[in-house]
Amino acid sequence: FIRPICFTTGKLPSLSSMAALPSAPGAGASQSLEALAQSAWASKIKDASSSLLNERKPWTELLDKNSFAKPESLTEASSRVRKNLAYFKVNYGIGVVSIVTLCLVTSPVSLAVVFALGAMWTYLFVVAAGQPLVVGGRQLSDREKLMGASGVTVLVVFFLSSVGSLLLYALGLGAVAVGLHGALRIPDDLFTDDAPGITA
């Protein structure tokens with residue numbers, strides 16, 4: 001039988017010796033689970049990004065000057081846009097993101113606002129994921145955190161700064177660029193082979 005500490009030593013254990021005893025594994029296990037969750041989340045984002053970038057078409061093919069011509073009708077233009085969107089969707093996405101980024105860079109205040117909002121979302125749902133958030137003595141659920149962060153984002157972007165108008169302008173500019181390219185770029189047999197379900 002294992003005798004209690006007070007019987008083997010003849011005295012009660014001190015507070016310092018009790019503090020040195022190993023603590024319950026609950027806190028360490030919780031932190032390990034959170035670290036694993038964050039690692040899995042980052043790995044999923046990396047895999048999704050790699051998979052998406054693998055679908056990118058060569059830029060020389062996108063900008064081949066010999067493949068541009070004015071469409072003969074609105075019907076032909078819309079058909080070209082549909083086919084080009086199906087084939088160059090990743091390139092178009094990168095182009096639109098580049099336009100938005102360029103517009104933000106030209107406006108330091110808007111860029112700072114976007115970084116601040118991004119930091120808020122990263123902290124709430126990546127760094128502090130799974131940790132309780134207490135506001136006014138009340139613990140918020142994950143749904144309430146999502147609704148609160150969304151509300152703050154909408155309020156800041158569209159009412160308290162010029163970020164909203166800048167983003168709308170950049171997205172509109174990107175849509176016009178994509179539409180013009182899609183209407184002027186002549187699809188060939190390569191589109192039909194790589195984009196099943198798109199008919200002439």
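What number of residues within region 67-109 are of a type outside the set (D, E, K, R), open to solvent by 70 Å² or more (accessible area, probe 1.4 Å) and outside any helix (DSSP H, G or I)?
Final tally of qualifying residues: 2.
Can we say VAL152 is at pLDDT 95 or above, open to solvent by less than 30 Å² (accessible area, probe 1.4 Å) and either over 18 Å from the mean Cα position of the chain (by Cα) or of a type outside the set (Ser, Thr, Tyr) (or both)?
no
What are the pairs, 6+ residues apart or on separate chains, where a residue within region 173-189 that is more than 18 Å from GLY93 (Cβ to Cβ) and touching a residue at least 60 places away in the same chain (Cβ under 8 Å) has its Cβ under 6 Å from a residue that is among the hydroxyl-bearing types (Ser, Thr, Tyr) and in a helix (DSSP H, G or I)?
Listed pairs, sorted by first residue: ILE186/SER67.
Give region 157-168 a look and list any residue that's farther than 11 Å from SER110 by Cβ and in a helix (DSSP H, G or I), or say none.
Within region 157-168, PHE158, LEU168 meet the criteria.
Can you find a residue that is in contact with a helix residue (DSSP H, G or I) (Cβ under 6 Å, 6 or more places away or on another chain) and assigned to a loop (DSSP other than H, G, I, E, B) anywhere in region 130-152?
Yes, because at least one residue in region 130-152 is in contact with a helix residue (DSSP H, G or I) (Cβ under 6 Å, 6 or more places away or on another chain) and assigned to a loop (DSSP other than H, G, I, E, B).
The values are calculated or read from the model by the stated rules, or taken from the named source; none is laboratory data. Computed from a predicted model, the values in this text were never measured in an experiment. Heads up, the Cβs are rebuilt from the backbone with ideal geometry, glycines too, and the neighbour counts pull from every protein chain shown. In case anyone asks, the SASA skips ligands and DNA or RNA and just uses the protein heavy atoms, side chains included. Shrake-Rupley method; radii C 1.70, N 1.55, O 1.52, S 1.80 Å.
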